[in-house]
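Structure first, commentary second.
The values are calculated or read from the model by the stated rules, or taken from the named source; none is laboratory data. Since we're looking at a predicted model, the values are computed, not measured. Here the Cβ positions follow ideal geometry from the backbone for every residue, glycine too, while neighbour counts run over all protein chains shown.
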């Protein structure tokens with residue numbers, strides 16, 4: 001297994017970067033450690049010789065893996081790939097492993113064989129590969145994103161994307177959220193926000209509605225009433241906001257020990273250049289998901305660093321992004337990172353004005369129904385918990401799975 005376990009951080013090889021950049025084709029600031037093993041392994045192979053590695057599959061699709069994909073395409077013929085997706089096969093470490101074998105020499109026009117194993121690890125991997133692997137033209141592996149799929153799915157994907165504009169071309173790249181460097185200090189709940197405002201009305205200038213990743217669901221935002229202390233670097237004199245200053249003071253030692261350099265009361269990375277674009281209605285989504293995670297934020301909240309935003313979008317874009325057509329362009333099974341570089345490349349439909357308006361109407365209706373469902377769930381749960389609470393208690397705790405099970409039993413009995 002070659003890769004970057006948790007205890008191997010890229011900063012450990014910083015002092016070797018000048019040497020690596022001079023001596024390795026795959027080197028750049030974002031290159032993963034295993035890429036150098038791939039290149040060195042290929043170098044020492046004789047013509048026609050073979051190698052096999054277990055490594056992270058992240059280089060199949062990421063921008064940081066482009067140099068490695070190009071290097072392999074120029075120097076070896078990929079013969080087989082086993083992609084384990086989200087299946088964790090190494091104890092104590094989260095990886096996205098794949099096994100790749102290759103032969104030294106030009107790729108040519110032949111086929112490779114691949115299999116995806118993302119549910120249960122088979123007892124005999126060799127037998128599973130023999131029984132389930134499928135051929136795929138090797139020529140489909142280039143410097144661009146590697147998609148392991150059969151020819152029918154590849155033709156469908158090509159049909160979807162050919163000749164159409166990308167999201168980046170129409171709306172620009174998705175916007176990064178805000179990195180505080182210490183959430184415990186800068187993210188506060190509504191009662192805390194109200195208390196700070198009561199102490200100093202001027203503090204409202206800094207206290208902005210805020211969304212964390214766990215509040216983003218498909219189609220809707222389930223706000224917990226959080227606020228961000230918005231203190232961008234070099235823009236705020238904290239002594240002008242005494243209640244906020246006094247709130248932050250107990251965290252001063254932790255704030256001064258953050259990874260980057262800024263005054264102790266300032267956010268680590270505030271994305272000040274485009275904060276105004278967060279205002280008003282926008283599409284928001286999680287950075288890691290196993291299905292379409294796009295939602296509508298109508299209230300102009302600032303967002304956490306685990307969330308991305310698409311500002312200025314037409315209303316038809318939300319239902320399109322939550323469709324199978326859009327998901328097909330980025331999914332590879334299991335949980336995936338929805339990085340800016342992936343979402344930017346989603347190809348948009350070129351329908352007529354009336355067709356896009358119909359799509360927008362469907363989206364509005366789904367958003368409305370999703371909001372109604374959330375309201376019903378909250379009010380029903382509130383009443384349910386009050387009615388069943390022990391004598392002397394106003395409520396009791398119950399998880400959503402148990403609640404859903406009880407509701408199902410009630411329906412069956414009826």
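In the stretch 219-245, of all residues being free of Cβ contacts under 8 Å to residues at least 40 places away in the same chain and loosely packed, with under 15 Cβ neighbours inside 10 Å, the one that is nearest to residue 190 (Cα to Cα) corresponds to 225. The residues on offer are 162, 166, 190, and the sole one that is free of Cβ contacts under 8 Å to residues at least 12 places away in the same chain, closer than 30 Å to residue 312 by Cβ and not assigned by TED's automatic domain parsing to the domain that holds residue 73 is 162. Quick check, is residue 277 touching a strand residue (DSSP E or B) at 6+ places or on another chain (Cβ under 7 Å) and surrounded by fewer than 18 Cβ atoms within 10 Å (Cβ to Cβ)? Against the criterion (touching a strand residue (DSSP E or B) at 6+ places or on another chain (Cβ under 7 Å) and surrounded by fewer than 18 Cβ atoms within 10 Å (Cβ to Cβ)), residue 277 qualifies. Among the candidates 126, 48, the residue that is modelled with pLDDT of 90 or more, part of a loop (DSSP other than H, G, I, E, B) and either over 30 Å from residue 14 (Cα atoms) or in the same structural domain as residue 339 (by TED's automatic domain parsing) (or both) is uniquely 48. None of 196, 211, 248, 206 is surrounded by 16 or more Cβ atoms within 10 Å (Cβ to Cβ), outside the structural domain of residue 365 (by TED's automatic domain parsing) and under 15 Å from residue 303 (Cβ atoms) except 211. Of all residues in the stretch 373-385, those that are surrounded by 12 or more Cβ atoms within 10 Å (Cβ to Cβ) have Cβ atoms under 7 Å from Cβ atoms of residues that are modelled with pLDDT of 75 or more, 6 or more apart or on another chain, in 374/220; 374/222.
Taken over the stretch 71-113, the criterion of being in a loop (DSSP other than H, G, I, E, B), closer than 22 Å to residue 131 by Cα and over 30 Å from the mean Cα position of the chain (by Cα) is satisfied by 110 alone. Are any residues in the stretch 38-59 surrounded by fewer than 16 Cβ atoms within 10 Å (Cβ to Cβ), closer than 30 Å to residue 337 by Cβ and touching a residue at least 24 places away in the same chain (Cβ under 8 Å), and if so, which ones? The answer is 52, and nothing else.
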